[in-house]
Amino acid sequence: MVNHKGVRGAWGVGLLIAFLLPRIAVAQEDVVGIPVGQTPPAVTIQDLDGNAVDLARWVGKRPVLVEFWATWCPICAELLPKIEAAHNKYGDRVDFLVVAVAVNESPNTVRRHLTRHPMPFTFLWDVNGNATRAFQAPATSYVVILDGQGKVVYTGVGADQDIETGLRRAAEGGGRR
């Protein structure tokens, strides 16, 4: 006889860690995801209609903020006011991309969410995890900011990130975290 209670308990602990980790690892000085100073590799993902989209369309043209996001992510929802405020301040100089991760949702789920909760960002769909791997995204709510040359100037995860400082660095042309 199989003890399913133990299996469910293990899954519960795993999910708890997955949701708490971003709160604990908040925009730390140590490396979170792709290292500061690196340029992410070329990657193709999709828009919400299933069309191929090359991230090189944005990377290296002007500063870019990329957030790895999911409709079911409470930390992403908590981070949203900071990103919206940053978009209001820097949106004319910085591209804001949201990469929806393909975990427990679909492009239709994302579209329905955006119908109920509109956001002023470009939404993309990471159908095969290509962007997640390229940016070494450890969790949803992971934010990467690239300068105009395409180099990483900031990475962070969790609700309490210093998005403003990262964007200021990117707008100034780089610098360390």
Ordering 164, 105 from largest to smallest accessible area (1.4 angstrom probe), what's the sequence?
164, 105
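Quantify, in whole percent, the carbon and sulfur part of the accessible surface of the stretch 66-177 (1.4 Å probe; protein heavy atoms only). Before the final figure, lay out the partial values.
On the way: 2300 of 4700 Å².
The computed percentage sits at 49.
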So for 141, 106, what's the accessible-area order with a 1.4 Å probe, most first?
106, 141
Take the Cα atoms of the stretch 37-177, build their convex hull, and give its volume per residue in Å³.
96
Check residue 154: other-chain or 5+ apart residues with amide H under 5 Å from its amide H, H built from backbone geometry?
145
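Between residue 72 and residue 136, what's the calculated FRET efficiency when r is the beta-carbon distance and R0 is 30 Å? Round to 0.05. Before the final figure, lay out the partial values.
Values: r = 22 Å, r/R0 = 0.72.
After rounding, the FRET efficiency stands at 0.90.
In what order, largest first, do 125, 72 sit by accessible area if the probe radius is 1.4 Å?
Numbers: 125 10, 72 90 Å².
Largest accessible area first, the residues go 72, 125.
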Can you work out the accessible area per residue across the stretch 46-177, with the rest of the protein chains kept in place, probe 1.4 Å, in square angstrom?
44
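The values are calculated or read from the model by the stated rules, or taken from the named source; none is laboratory data. Every value quoted in this text rests on a predicted model; they were computed, and no experiment measured them. Using ideal geometry, Cβ is built from the backbone for each residue, glycine included, and neighbour counts are taken over all protein chains shown. Areas reflect the complete protein model, heavy atoms only, side chains present, ligands, DNA and RNA absent. Shrake-Rupley method; radii C 1.70, N 1.55, O 1.52, S 1.80 Å.
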